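The values are calculated or read from the model by the stated rules, or taken from the named source; none is laboratory data. Please read all numbers here as calculations on a predicted model, not as lab measurements. Don't worry about glycine lacking a Cβ; one is built from the backbone with ideal geometry, like all the others, and counts go over all protein chains shown.
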Amino acid sequence: MSVVALIGETDQETIVAEARFVKDDRSPYADLAFAVDEKYQGRGIATYLYEMLIRLARERGVKGFTAEVLQTNKEMMKVFEKGHLPLNARLNNGLYQLTINFDDQPSPERSAKN
């Protein structure tokens, strides 16, 4: 599943971001990836796309996401931290290996306090 962010007039849109997940039939999780044009980073686009992918993945029976993020990519880590889902991150050779489990989602009351 892939979603994109577009700017511009109809029939002249330009893709400025893409987010996707790929489900492996041997796992209940899907691998997650993002790409945001440098000129459009820091505007909340990745956060919006992440929330959209969570909803779409749940609708398709996915139990969570896995992802890899460079240790230096602090902005992408902030996107995942703002997602209100439990985040298991292991750092290995400058690369965070993330597991995000939908079943462990905090209750709405707990999320509102964070």
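Only residues that are of a type in the set (D, E, K, R), surrounded by fewer than 14 Cβ atoms within 10 Å (Cβ to Cβ) and not in a strand (DSSP E or B) were counted in the stretch 82-105, giving 2.
Candidates in the stretch 62-74 are the residues that are under 25 Å from R43 (Cβ atoms) and assigned to a strand (DSSP E or B); of these, the one that is farthest from the chain's Cα centre (by Cα) is L70.
Once the stretch 10-43 is narrowed to residues that are out of contact with any strand residue (DSSP E or B) (no Cβ under 9 Å at 6 or more places or on another chain) and of a type in the set (D, E), the residue that is modelled with the highest pLDDT is E38.
Of all residues in the stretch 5-30, those that are of a type outside the set (A, V, I, L, M, F, W, C) and either in contact with a helix residue (DSSP H, G or I) (Cβ under 6 Å, 6 or more places away or on another chain) or over 27 Å from I100 (Cα atoms) (or both) total 7.
State yes or no: is M77 over 19 Å from S2 (Cα atoms) and assigned to a helix (DSSP H, G or I)? Here the answer is yes, as M77 does meet what is asked. All conditions but one from (1) touching an Asp or Glu at 6+ places or on another chain (Cβ under 9 Å); (2) within 20 Å of V16 (Cβ to Cβ); (3) of a type in the set (A, V, I, L, M) apply to A67; the one that does not is (2).
For the stretch 44-61, check the following and say yes or no: at least one residue is among the acidic types (D, E), surrounded by fewer than 19 Cβ atoms within 10 Å (Cβ to Cβ) and in a loop (DSSP other than H, G, I, E, B). Taking every residue of the stretch 44-61 in turn, none turns out to be among the acidic types (D, E), surrounded by fewer than 19 Cβ atoms within 10 Å (Cβ to Cβ) and in a loop (DSSP other than H, G, I, E, B). Only one of the listed residues (Y96, Y29, Y48) is in contact (Cβ under 8 Å) with a residue 60 or more places away in the chain and either in contact with a Gly (Cβ under 6 Å, 6 or more places away or on another chain) or not charged (D, E, K, R) (or both). That residue is Y29.
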